[in-house]
Amino acid sequence: MILPAGLSLTEDANGLCLTDGKMTMRGDLSKMIPRIKRGVVGTELLVRAARLKDMSGTPTLIDATAGMGEDSLLLAAAGFNVILYEYNPVIAALLKDSLLRAARIPELADAVSRMSVAEGDSAEYMRTLRSAAHEDSSPSSVNDRLPDVIYLDPMFPESGKNALIKKKFQLLRQLELPCSNEEELLEAAVAAGPHKIVIKRPIKGPYLAGRKPSYSIEGKAVRYDCLIFA
Ligand SMILES: C[S@@+](CC[C@H](N)C(=O)[O-])C[C@H]1O[C@@H](n2cnc3c(N)ncnc32)[C@H](O)[C@@H]1O
């Protein structure tokens, strides 16, 4: 695994962590417990944006930019089966370790059981999804193999507010690159044939790849742009 100079991945009694020798950073989904409680998770802006009219039958959602999986946890707690794509091998390793530990926490176990990590480029995967579904299935079951919702949260363009990010998360920021392939990511998501694509943006940020959404849901700092397909 290639890491920026000065950073390393190590394992201690509490699991895998990223360190620069002074600070350490590891995934900790336990801090999300208050937000995934029944009756609370449905009030989350992201959940309101992603929810489908019919949530029966555990709809499938691809989180195409998983990061440390906090947004995915909210979506799994809201009833989605979530496939988390992460292409940075260091972040993917931290994410997998974090989920292993979370699965042992009773308040998280149910939601975590609906989350699975796939290491790789989600754009590559989504681009091939529809043809793979056609090859492997009878025409009537193709739709069953396609995701219901795709969630995109590529790194925001620089806002100048990096100093406000908690110090230990600045370690992670050294691994994340600003999204350079917005068009490709969005085109691949559309090609995968979901009912809905949800995109997280800064409240005043431009539309991803300049594409106007069907509607947006706004919070104080972020906005969720929703693209609806028939
Ligand atoms: C802003 S972070 C996502 C944070 C995440 N929503 C959360 O709750 O922790 C974006 C992440 O997406 C990953 N990423 C960006 N483009 C990707 C792609 N095409 N395939 C897989 N992962 C990608 C980056 O490596 C980074 O970890």
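Data overview
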{"quantity": "Cross-link pairs K53/K204; K31/K220; K53/K200; K96/K212; K96/K200 - those with Cα-Cα distance over 31 Å", "calculated": "K96/K212"}
{"quantity": "Size of charge dipole - the stretch 48-128 - debye, nearest 20, with Cβ of Lys, Arg +1 and Asp, Glu -1, no other charges", "calculated": "240"}
{"quantity": "Value of [θ]222 nm, deg cm²/dmol, for the chain, DSSP H segments ≥ 4, -39500 (n - 2.57) each, nearest 500", "calculated": "-8500 deg cm²/dmol"}
{"quantity": "Listed residues Y85, M55, M68: farthest to the positive end of the dipole of the stretch 53-97 (Cβ charges)", "calculated": "M55"}
{"quantity": "Karplus-derived 3J(HN,Hα), 6.51/-1.76/1.60, for each residue of the stretch 144-155, Hz, glycine and proline x", "calculated": "5, 9, 9, x, 6, 9, 10, 10, 10, 9, x, 4"}
{"quantity": "Global geometry of the stretch 1-100, whether rounded, prolate or oblate, following the gyration tensor of its Cα atoms and the 1.5 cut on a/c", "calculated": "prolate"}
{"quantity": "DSSP beta bridges in the chain [antiparallel fraction, %, rounded to 5]", "calculated": "55"}
{"quantity": "Contact order relative to length of the chain, as percent, for alpha carbon pairs under 8 angstrom and 6 or more apart", "calculated": "20"}
{"quantity": "Relative contact order, percent, the stretch 1-90 [alpha-carbon distance under 8 Å, six or more residues apart]", "calculated": "24"}
{"quantity": "Taking E86, E107 and counting other C-beta atoms within 10 Å, the order from fewest to most", "calculated": "E107, E86"}
{"quantity": "J(HN,Hα) series, the stretch 7-15, from Karplus relation 6.51 cos²θ - 1.76 cosθ + 1.60, nearest Hz, glycine and proline x", "calculated": "9, 8, 9, 9, 10, 10, 4, 9, x"}
{"quantity": "Calculated from backbone phi, Karplus (6.51, -1.76, 1.60) coupling profile of the stretch 27-40 in Hz, x at Gly/Pro", "calculated": "x, 9, 7, 5, 5, 8, 3, x, 7, 9, 5, 4, x, 10"}
{"quantity": "Environment charge at P4 (Cβ cut-off 13 Å; Lys +1, Arg +1, Asp -1, Glu -1)", "calculated": "-1"}
{"quantity": "Prolate/oblate/rounded label for the stretch 42-136 (Cα gyration tensor, a/c 1.5)", "calculated": "oblate"}
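FYI, it's all coordinate maths here, none of it is from the lab. Quick caveat, the model's predicted, so the values are computed rather than measured. We place every Cβ from the backbone using ideal geometry, glycine too, and count neighbours over all the protein chains shown.
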